[in-house]
Every structure is written in structure tokens, then in C-alpha cells.
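A short worksheet on the structure shown next.
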Amino acid sequence: MNSKRDYFYLPVGQKEFSWGLYLTDVGHNIVRPYEQHPAREHPPSYQFQSSKGRILSEYQIILITGGEGYFSSGEIRNQRVTQGDVLMLFPGIWHTYSPSSKIGWEDYWIGLNGSWISAICERCLFQPNRPIIHTSKHKEIQATIAELLDDVRKNGAVNKPDYIVSITKILTLLSEEPAEQEPDFNSGKEGIVHEATRVIWEWSYRTLTVNDVAKSVQVNRRTLERYFRDICGASIHDEIIRCRLVRAELLLKKTHVPIHRIATMVGFSSHQQMCLHFIKYFKCTPAKVRKS
């Protein structure tokens, strides 16, 4: 495979926000064996090292069309992915991926965001605990992204309402894949706490309460609190805050996203609330963390 990188990042303003669904970036990437990945010329907020990973402020859909590699996100570690697999990346969720150094890979991707995609993800159509989608529609998805990329290339990096049609088509093709069977879940104390922790780290970027976590794992709140303290030595609320702080710290150090936006991205209700927790846990403000 010959090295080839072809991608665009599109401006987004109030007009695009009002659409409810919009394109943020689109691209085609070929990584040949032993070639550096990812490319360094991407904007700072998209750059990352495979060994450290990153957190985005948008959704991304990455279709692997050749070669193979490895993907990690949440509890998934070094999962092998290959041709026809789709990586679904969620805002505020840590992830990393890399092509096989001996084989390389080829991929097409789009970045998207908006209230519409957030709403359907909240209704569990796409879930952070299932970021890898094994699709039989990969050729149709590839053709749709290629057409979208060609349109952007011809018309310049300008957002158009027409792109919503292409994005919706891709999401529809992905949603038609049959759901994989849920693995058996250990109902013991450790299993319940493990599941509660998974819920926290997957959904803490939304408004998430202790009652929400208890409801998700179908356990009485007091019982879950007791299990959590017995095994983790901390409360469920402490874990929610810790998760948000870890993600906020990564975004402060690795991106140029404004601090007030980071606060809402990771699940805090306001910049002021995030500052209070930073001072309590880190003994400094978010601004000082970014400067360091």
C-alpha cells in the first residue's frame, strides 16, 4: 500500500448547531507497513499517541477497508480489528487505535456531532460499551463516505445541509446490523460493582446520578452503595467525580478545547463546579493544570 492521506476539517458555527446533525471532518487514510501513525499534521485536538490515546469532543465513525490493527476503549483492550469493522468513537470517551506495524491498514472516516446523534445514542441505538461494529454493509458505507469526501474536496471545506443525508444513510446502515448477544454477567457483589463502574465510565459525560447507576444495574441504591464501599473504599458519587476529573485532566493537557467547554463535555454542570472539584482533588485550578 502506498502512503496516502486525504482529509478535511469543516468549520462549525451556530447555523450548523441549529441543524441538530452536522459533519465535522471526513477523510481517507492509508498507512503502509512500519509507517508512522497517526499523522502529525492533524489539528492539535485530534492528535494523539497510540500508547496514550485521546478523548474527542465529537463522534467519529471509522471504517477499516483493508489491513488490520488494534483498538482499545473503556474495558476493551487491544481488540483486533480488520476489514469491514467499524470503530464508533464517542465524545468524552477515552480510546486509542493503531494499524498493525507489519501489515498497515486503510480506513475511511467521518466526524459528526449535534443534538440528534446525542439523542439516538442516549436511546441506546449506539453504545460506548459496543464501539466495534462488525458490519456486512461496509462496501455501501465506504462508497457513501468516498462520495462525501469527493464532494468536500470539490466544493471546499464548507458545511452543507446536504451532508446530513449522507451521515443519516451511514447511521442507518450501521443500525441495521443485528445486536450481538450480551455476555453472561456475574451477579455476585464483585460483578455488580464491576458493572456499576462500567456504567459510570461509559456515561459520566451525561447527567448521571447515583440513582441512575443503581437503576442501570438493577440493585437497590443502599445495597449498591454498601457493595461499592466494601470493594472500592469509596462512594459511587466519588467514582463519578473521579471519572470526570480524569477525563478533564486529559483534555486540559492534550487539547486546546476551551476550559468551560471541557467542563460540560465530561459531565460537570458548569465551569465553576469543575473548578471546585479540581481544587479539592488536585489542589489547583483547571487553568493551572493546562499551563503545566
Projected label distance in nm at Gln83 and Tyr34, using a 7 Å step from Cα toward the beta-carbon: 2.4
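In whole percent, what relative contact order does the chain give with Cα contacts below 8 Å and a gap of six or more residues? Please report the intermediate quantities before stating the final value.
Working: 485 pairs, mean separation 51.5, N = 292.
Worked out over the chain, it gives 18 percent.
Counting chymotrypsin sites (Phe, Trp or Tyr not before Pro) as exposed when in a DSSP loop with at most 13 other beta carbons within 10 Å, what is the longest stretch of the chain free of them? Don't jump to the answer; show the numbers that get you there.
Working: sites that count: Tyr34, Phe185.
Maximal segment without exposed cleavage sites: 35-184.
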For Cα pairs less than 8 Å apart in space and 6+ apart in sequence, what is the mean separation divided by the residue count of region 62-181, i.e. the relative contact order in percent? 27
Angle, helix 138-155 long axis vs. longest principal axis of the chain, Cα atoms, 0 to 90°, nearest 10? 70
Measuring from its Cα centre, region 141-292 shows a charge dipole (+1 at each Lys and Arg Cβ, -1 at each Asp and Glu Cβ) which, in debye to the nearest 20, is 1220
Taking GluC sites (Glu not before Pro) as exposed when in a DSSP loop with at most 14 other Cβ atoms inside 10 Å, the chain has its longest clean stretch at 181-292
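Can you tell me the dipole magnitude for region 72-126 around its Cα centre, using point charges on the Cβ only (Lys, Arg +1; Asp, Glu -1), in Debye to the nearest 20?
Details: 4 positive and 5 negative charges, 27 e Å.
Taking the Cα centre of region 72-126 as origin, the dipole is about 120 debye.
Magnitude of the Cβ-charge dipole of the chain, K/R +1 and D/E -1, about the Cα centre, nearest 20 debye? Numbers along the way, then the final one.
Details: 37 positive and 31 negative charges, 269 e Å.
For this selection, approximately 1280 debye.
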How much area per residue is accessible in the chain when the probe is 1.4 Å and only protein heavy atoms are counted (Å²)? 51
Match the structure shown to one of the listed values (i) 25.3, 86; (ii) 19.7, 60; (iii) 20.8, 69 of Rg and Dmax of the Cα atoms in Å, computed from it, and give that label. (ii)
On the accessible surface of region 1-81, probed at 1.4 Å, how many percent belong to carbon and sulfur atoms? 45
Accessible heavy-atom area order of Ile279, Ile262, highest first, probe of 1.4 Å: Ile279, Ile262
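At 0.36 nm per residue, and after removing the present C-alpha to C-alpha distance, how many nm does the segment from Ser115 to Val165 gain when stretched out fully? Walk me through the intermediate numbers first.
Details: separation 50, 0.36 × 50 = 18.00 nm, distance 1.58 nm.
Here the segment from Ser115 to Val165 would lengthen by 16.4 nm.
Give the carbon-plus-sulfur fraction of the accessible surface of region 190-276 in %, rounded to a whole number; probe 1.4 Å, heavy atoms of protein chains only. Don't jump to the answer; show the numbers that get you there.
Numbers: 2170 of 4400 Å².
Carbon with sulfur: 49 percent of the solvent-accessible area.
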Which value in deg cm²/dmol, rounded to the nearest 500, describes the helix-derived mean residue ellipticity at 222 nm for the chain, given -39,500 (n - 2.57) per DSSP H run of n ≥ 4 and division by the residue count? -13000 deg cm²/dmol
Rank Lys52, Lys154 by accessible area, highest first, at a 1.4 Å probe radius? Lys154, Lys52
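Once fully extended, how much extra length lies between Gln47 and Thr207, figured as 0.36 nm per residue of separation less the alpha-carbon to alpha-carbon distance? Walk me through the numbers on the way to the answer.
Numbers: separation 160, 0.36 × 160 = 57.60 nm, distance 2.78 nm.
Going from the current span to full extension adds 54.8 nm.
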Which value, in Å² and to the nearest 10, is the accessible area of Ile103 when all protein chains are kept and the probe is 1.4 Å? 80
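The values are calculated or read from the model by the stated rules, or taken from the named source; none is laboratory data. Keep in mind that what you see is a predicted model, and the values were worked out from it rather than measured. For neighbour counting, all protein chains shown are included, and Cβ atoms are generated from backbone atoms with ideal geometry for every residue, glycine included. In case anyone asks, the SASA skips ligands and DNA or RNA and just uses the protein heavy atoms, side chains included. Shrake-Rupley method; radii C 1.70, N 1.55, O 1.52, S 1.80 Å.
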